[in-house]
Amino acid sequence: MRRIAVGLLTLLLIASAALSQSTANKPLPLVVLLSIDGLKPDYVIEADKHGLKIPNLKRLFADGAHASGVQGVLPTVTYPSHTTMLTGVAPARHGIFYNTTFDPLHKNYDGWYWYAEDIRVPTLWGVATKAGLITASIDWPVNVGAPVTYNIAQVWRASTPDDRKLIRALSTPGLVAEAERAVGPFAEGNDYTVDGDRRRAAFIVWLLENKKPQFLTCYFGALDTDEHEAGPYSAKAFQTLEALDALIGQVWQAAERASNRNVVFCVVSDHGFIRIDKALRLNVALRDAGLIETDPKGNVKSWRAIAWNGGGSSAIMLKDAADSQARQKVRALLAQLAADPAGSVLRVVETTEAQKMGGFPEAAFVVCARPGYAISTSLEGTVTGAIKPGGTHGYFPELHEMDSSFFIAGPGIAARRDLGRIDMRDIAPTLATFLGVKLPEAEGRDVLGQSSR
């Protein structure tokens, strides 16, 4: 009896070793991370309720796992969010604090955080490339100069066809020209329309078929454009999403062909959306309080306190952090706005709490507008007032209306698995497992609970 038990144990050990060896030899899947800017999770989860014809996104929902919502970062805007999805850390650590850099005197001509060298922690791009994987990125935010094998930069300056020259110059040498010979011109740098995204889709498909990346990040921006203009849940936004769904299908099919169907296909977004019809002009209030001085043309001449950014929230920066008088004047002003019966301010936090929330580490205050209001940095007009209805984002991530999307399907991923509400910092560690790499500094977790590959 003892001899039989020993024999069975030996057989189990041999089988286990064979299984481990088989798993180790199994090729890594192609991982495609596709971002649809402004995609609210219920657009897909409740597609039938909204009357949306989005068969590819519905297939992704049915075939794989999804989050009921992704709690974003502070602020819930494009560039900080996309960097968090690649690093697994909050903006205060990765260094991309907003879309545009802090530039109160406009010396940088409204420059954005385009450059990957500003990211302070390891990215999925970097660790995957270092591990020997073929990596690619097409129009992913903050990818200029990224450590990527095949890179098409997201950058613009004039928003004219001349931007294509800048994109060619800042992308992998020769890559854009090679693709353009095959599929026609790339999109203009700041063309985030459906037609612009069609151009991007053609390049994504071409790159998948011709360069065979093992990890690809790519981006469509038309939905965000139309939600800003017409608002979330608008007929225009839904029409755009249906058009983008066809492009998603093209990319997914190309990825399946390129990988012999061994593909992990992940669709994410960076933030949700809220309808707006009123503005809160914080810089007008700061100017009226004597904290901003303007020249005869209305441009900022000097400042002691100024609002950096707009949308759903804004960082109030002090020129001198030790200027206690300016700090107190701002504190009193914000308290007055928060007490206003018009209700333009939902919440105000100061430096320490903002740092705990992971955003704007050097701000004296961060102001979250009440839903329905958009914060403007304009120096024209009244402090509050009506504006053309539309949509915006950037509010504090605790608001569920700001939740973004996470849908993922591929080998070994259970169908229709509901992950609940996850943290945006979970996305990078989850994808790292499929790529067989690690992000030691990530603050999130692998939400699929996979064992290391």
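The values are calculated or read from the model by the stated rules, or taken from the named source; none is laboratory data. None of these values were measured; they are calculated from a predicted model. FYI the Cβ positions are ideal-geometry reconstructions off the backbone, even for glycines, and counts take in every protein chain you see.
Of note:
- Single condition SER378 does not satisfy, out of (1) assigned to a strand (DSSP E or B); (2) touching a helix residue (DSSP H, G or I) at 6+ places or on another chain (Cβ under 9 Å): (1)
- Residues (in contact with a Leu (Cβ under 6 Å, 6 or more places away or on another chain) and crowded, with 24+ Cβ neighbours inside 10 Å) located in the stretch 131-149: ALA136
- Selection count where residues are in a loop (DSSP other than H, G, I, E, B) and either in contact with a strand residue (DSSP E or B) (Cβ under 8 Å, 6 or more places away or on another chain) or of a type outside the set (Ser, Thr, Tyr) (or both), scope the stretch 420-451: 16
- When the residues of the stretch 341-356 are filtered to those that are in contact (Cβ under 8 Å) with a residue 12 or more places away in the chain and part of a loop (DSSP other than H, G, I, E, B), the one that is nearest to the chain's Cα centre (by Cα) is SER344.
- Scanning the stretch 74-124 for residues that are crowded, with 24+ Cβ neighbours inside 10 Å, touching a helix residue (DSSP H, G or I) at 6+ places or on another chain (Cβ under 6 Å) and closer than 28 Å to LEU286 by Cβ yields a count of 6.
- In the stretch 234-257, the condition of being assigned to a loop (DSSP other than H, G, I, E, B), touching a helix residue (DSSP H, G or I) at 6+ places or on another chain (Cβ under 9 Å) and assigned by TED's automatic domain parsing to the domain that holds GLY69 is met by at least one residue.
Rundown of residues vs (1) assigned by TED's automatic domain parsing to the domain that holds ASP110; (2) of a type in the set (Gly, Ala, Ser), yes/no style:
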{"position": "ALA364", "(1), (2)": "no, yes"}
{"position": "ALA369", "(1), (2)": "no, yes"}
{"position": "SER376", "(1), (2)": "no, yes"}
{"position": "GLU380", "(1), (2)": "no, no"}
{"position": "ILE387", "(1), (2)": "no, no"}
{"position": "ILE408", "(1), (2)": "yes, no"}
{"position": "GLY412", "(1), (2)": "yes, yes"}
{"position": "ALA415", "(1), (2)": "yes, yes"}
{"position": "ASP418", "(1), (2)": "yes, no"}
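- Some residue of the stretch 381-398 being in contact with a Phe, Trp or Tyr (Cβ under 6 Å, 6 or more places away or on another chain) and of a type outside the set (Asp, Glu): yes
- Residue in the stretch 428-436 that is more than 21 Å from ILE134 (Cβ to Cβ) and modelled with pLDDT under 95 present: no
- Look at (1) in contact with a strand residue (DSSP E or B) (Cβ under 8 Å, 6 or more places away or on another chain); (2) modelled with pLDDT under 95; (3) not small (Gly, Ala, Ser) and you find that MET85 fails only one, number (2).
- Selection from the stretch 384-419 of residues that are among the hydrophobic types (A, V, I, L, M, F, W, C), within 25 Å of GLU256 (Cβ to Cβ) and either in a loop (DSSP other than H, G, I, E, B) or touching a helix residue (DSSP H, G or I) at 6+ places or on another chain (Cβ under 6 Å) (or both): PHE407, ALA409, ILE413, ALA414, ALA415, LEU419
- Residue count, the stretch 131-173 (criterion: in contact (Cβ under 8 Å) with a residue 40 or more places away in the chain and either more than 22 Å from the chain's Cα centre (by Cα) or not assigned by TED's automatic domain parsing to the domain that holds GLU117 (or both)): 3
- Checking each residue in the stretch 277-293 for being out of contact with any strand residue (DSSP E or B) (no Cβ under 7 Å at 6 or more places or on another chain) and either assigned to a helix (DSSP H, G or I) or not small (Gly, Ala, Ser) (or both) picks out VAL284, ALA285, ASP288.
- Residue within the stretch 357-379 that is without any contact (Cβ under 8 Å) to a residue 12 or more places away in the chain and surrounded by fewer than 18 Cβ atoms within 10 Å (Cβ to Cβ) present: no
- LYS165 vs. criteria in a loop (DSSP other than H, G, I, E, B) and surrounded by fewer than 24 Cβ atoms within 10 Å (Cβ to Cβ): no
- Given (1) without any contact (Cβ under 8 Å) to a residue 60 or more places away in the chain; (2) in a helix (DSSP H, G or I); (3) out of contact with any helix residue (DSSP H, G or I) (no Cβ under 7 Å at 6 or more places or on another chain), number of the condition ARG200 does not satisfy: (1)
- Single residue of the stretch 294-314 satisfying the filter (modelled with pLDDT of 95 or more and part of a loop (DSSP other than H, G, I, E, B)) that is surrounded by the most Cβ atoms within 10 Å (Cβ to Cβ): GLY312
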